[in-house]
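Asker: My questions will all concern the structure given below.
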Amino acid sequence: MKVNNFAFTYGIGLMAVGLLVSMLFFPAQALHASLKGLSIWWDILFPALFPFLVVSEMMLGLGIVHFFGMLLDPIMRPVFRIPGTGGFVMAMGFAAGYPVAAKLTSQLWEQRLVNREEGERLVAFTTTSDPIFLIGAVSVGFFHDVSLAVILATAHYGTAILVGFMMRFHGGSASKKVTEPAPQTASHTSTRLLTRAFKAMHRARLLDGRSLGEMLRQAVQSSLQLVMVIGGLVVFFAVVIEIMTSIQVMPIVYKGIDAVLQLFGVPTALSEAVAGGIFEVTLGAKAAGSAPAPISLMHKAAIAAFILSWAGLSVHAQIISILHHTNLRYFPFVMARLIHGLLAATAVILLWEPMQSYRGATALSLPVMSLSTTLPTKPISVLTWMAAACIGVLLGLLLFYALHLAVKQCMKWLK
């Protein structure tokens with residue numbers, strides 16, 4: 001084990017030195033790639049992730065996660081073999097996209113609400129793309145076809161739940177330490193469950209002990225730190241892809257991917273999209289949407305579904321950085337991402353013909369949008385994004401505070 005660690009460490013060191021030397025030979029390409037990655041982070045990732053991260057931190061501190069966890073426990077344990085709090089993580093992960101689920105899972109692990117196997121199961125299937133990116137950026141922006149969102153969303157989120165069911169067998173019998181709820185009469189089950197949920201929320205709020213102002217300050221601080229890490233990783237992998245292309249390494253990678261695509265009957269012209277998606281999800285999805293016209297839309301969508309589900313090494317690095325202080329392992333996560341990608345691509349192909357009627361209905365009901373250009377980068381647009389994010393956070397905080405007061409009143413009545 002020590003020999004393997006020694007070889008791995010020095011191997012990474014040699015690659016870092018090679019990357020540095022290559023950047024000295026191709027400074028213009030490195031700068032262009034850095035600006036491209038920075039634009040992706042600032043225009044797409046920052047406004048999409050930051051409000052969700054702040055609100056999720058606040059919900060955890062106010063005990064709302066514990067409330068939903070108690071309510072969802074009877075569903076999540078039998079199906080996915082994770083505590084009920086995993087239901088909240090799944091909802092936030094599906095709504096906010098990667099890497100929000102990993103952040104919440106690490107917080108649950110810190111509070112000892114999940115063990116290692118449960119955390120690995122949870123991160124494995126809740127790390128998904130958010131609907132805004134899947135519909136707005138991929139379907140409309142990259143493919144210029146809003147109706148494609150129906151098939152992509154069905155394949156992406158449906159197979160994510162399937163991966164979650166498959167991951168319930170992860171850990172074997174060693175992690176089957178599940179405390180079954182005590183038998184209750186059917187007439188009082190729902191009432192007692194709701195009462196326990198309110199008590200769990202109130203107890204979690206008392207244990208946290210922070211004021212609302214202090215909670216908000218720490219939520220903003222930790223969310224900004226995480227978003228900065230995400231931005232740095234996106235820029236880094238954008239530079240890596242560009243440098244590998246400049247030194248003629250990527251063409252070798254394309255040939256290897258061509259051989260794999262030929263086995264599955266997929267056009268080899270999509271190898272560039274697959275290679276880009278292996279490293280960074282946004283670059284890969286954009287390459288799939290802009291692939292040559294002779295390639296069928298079905299194959300383009302299948303590759304896009306694979307890229308969205310695999311998530312790219314950039315997202316993998318974000319997950320590792322978030323979970324580095326926990327005992328959760330990377331191998332179950334990467335295997336789940338690979339399985340999810342293959343299942344999602346297969347689902348697109350299988351659902352393509354049956355869902356053509358739904359595509360037509362969606363195209364008629366939704367307005368046609370054009371996002372052929374990148375998101376605007378003018379200061380007024382940035383201010384609009386920031387104002388909308390701040391307003392959303394403030395409204396969420398007001399809602400949480402009102403809910404907190406209502407819970408306190410309910411606890412007085414229960415006493």
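The values are calculated or read from the model by the stated rules, or taken from the named source; none is laboratory data. The model shown is predicted, which means the values in this text are computed figures rather than measured ones. Glycine also receives a Cβ, built like all others from the backbone with ideal geometry; neighbour counts cover every protein chain displayed.
Asker: On the basis of being surrounded by fewer than 16 Cβ atoms within 10 Å (Cβ to Cβ) and among the polar types (S, T, N, Q), does residue 223 make the cut?
Answerer: Details: surrounded by fewer than 16 Cβ atoms within 10 Å (Cβ to Cβ): no; among the polar types (S, T, N, Q): yes.
No.
Asker: Going by what's in this entry, would residue 31 be described as of a type outside the set (S, T, N, Q) and free of Cβ contacts under 8 Å to residues at least 40 places away in the same chain?
Answerer: Values: of a type outside the set (S, T, N, Q): yes; free of Cβ contacts under 8 Å to residues at least 40 places away in the same chain: yes.
For residue 31, the condition - of a type outside the set (S, T, N, Q) and free of Cβ contacts under 8 Å to residues at least 40 places away in the same chain - is met.
Asker: So residue 276 passes all but one of these: (1) touching a residue at least 40 places away in the same chain (Cβ under 8 Å); (2) surrounded by 19 or more Cβ atoms within 10 Å (Cβ to Cβ); (3) of a type in the set (Gly, Ala, Ser). Which condition number does it fail?
Answerer: (1)
Asker: Within the range 25-38, does at least one residue satisfy the condition of being of a type in the set (D, E, K, R), under 22 Å from residue 136 (Cβ atoms) and out of contact with any Ser or Thr (no Cβ under 9 Å at 6 or more places or on another chain)?
Answerer: Kept after step one, since they are of a type in the set (D, E, K, R), are these residues of the range 25-38: 36.
Filter once more, so that each one left must be under 22 Å from residue 136 (Cβ atoms): 36.
So of that shortlist, the ones also out of contact with any Ser or Thr (no Cβ under 9 Å at 6 or more places or on another chain) come out as 36.
The answer is yes, given that some residue of the range 25-38 is of a type in the set (D, E, K, R), under 22 Å from residue 136 (Cβ atoms) and out of contact with any Ser or Thr (no Cβ under 9 Å at 6 or more places or on another chain).
Asker: Right, another one. Return only the number of the condition from (1) modelled with pLDDT of 90 or more; (2) surrounded by 17 or more Cβ atoms within 10 Å (Cβ to Cβ) that residue 298 does not satisfy.
Answerer: In the conditions (1) modelled with pLDDT of 90 or more; (2) surrounded by 17 or more Cβ atoms within 10 Å (Cβ to Cβ), residue 298 misses (2) alone.
Asker: Go through the range 224-248 and report how many residues are touching a Phe, Trp or Tyr at 6+ places or on another chain (Cβ under 8 Å), small (Gly, Ala, Ser) and closer than 20 Å to residue 100 by Cα.
Answerer: 1
Asker: When you look at residue 165, is it within 14 Å of the chain's Cα centre (by Cα), in a helix (DSSP H, G or I) and either more than 23 Å from residue 349 (Cα to Cα) or aromatic (Phe, Trp, Tyr) (or both), yes or no?
Answerer: Details: within 14 Å of the chain's Cα centre (by Cα): no; in a helix (DSSP H, G or I): yes; either more than 23 Å from residue 349 (Cα to Cα) or aromatic (Phe, Trp, Tyr) (or both): yes.
No, not satisfied.
Asker: For the structure I just gave you, tell me whether residue 155 is at pLDDT 85 or above, of a type in the set (Gly, Ala, Ser), buried (at least 17 other Cβ atoms within 10 Å of the Cβ) and more than 20 Å from residue 290 (Cβ to Cβ). Steps first, please.
Answerer: Working: at pLDDT 85 or above: yes; of a type in the set (Gly, Ala, Ser): yes; buried (at least 17 other Cβ atoms within 10 Å of the Cβ): yes; more than 20 Å from residue 290 (Cβ to Cβ): yes.
Here the answer is yes, as residue 155 does meet what is asked.
Asker: With (1) within 24 Å of residue 337 (Cβ to Cβ); (2) of a type outside the set (A, V, I, L, M, F, W, C); (3) surrounded by fewer than 21 Cβ atoms within 10 Å (Cβ to Cβ); (4) touching a residue at least 60 places away in the same chain (Cβ under 8 Å) as the list, and residue 145 as the residue in question, which single condition is left unmet?
Answerer: Evaluating residue 145 over (1) within 24 Å of residue 337 (Cβ to Cβ); (2) of a type outside the set (A, V, I, L, M, F, W, C); (3) surrounded by fewer than 21 Cβ atoms within 10 Å (Cβ to Cβ); (4) touching a residue at least 60 places away in the same chain (Cβ under 8 Å) leaves (1) as the failure.
Asker: Could you tell me which of the residues 141, 209 is modelled with pLDDT under 85 and at positive phi?
Answerer: Working: 141 fails: at positive phi.
It is 209.
Asker: Checking the conditions here, which among 96, 124 is under 14 Å from the mean Cα position of the chain (by Cα), touching a residue at least 12 places away in the same chain (Cβ under 8 Å) and closer than 25 Å to residue 220 by Cβ? Before the answer, list the steps.
Answerer: Details: 124 fails: closer than 25 Å to residue 220 by Cβ.
Just one listed residue meets the conditions, 96.
Asker: Could you please find all residues in the range 194-219 being among the aliphatic types (A, V, I, L, M) and either closer than 12 Å to residue 69 by Cα or surrounded by 14 or more Cβ atoms within 10 Å (Cβ to Cβ) (or both)? Lay out the reasoning, then the answer.
Answerer: Going residue by residue through the range 194-219, those that are among the aliphatic types (A, V, I, L, M) are 194, 197, 200-201, 204, 206-207, 212, 215-216, 219.
Within the range 194-219, 194, 197, 200, 201, 204, 212, 215, 216, 219 qualify.
Asker: In the range 246-268, how many residues are more than 30 Å from residue 350 (Cβ to Cβ) and either free of Cβ contacts under 8 Å to residues at least 12 places away in the same chain or charged (D, E, K, R) (or both)?
Answerer: Here the count works out to 4.
Asker: Restricting the range 226-284 to residues that are in contact with a Leu (Cβ under 9 Å, 6 or more places away or on another chain) and part of a loop (DSSP other than H, G, I, E, B), which is farthest from residue 56 (Cα to Cα)?
Answerer: 267
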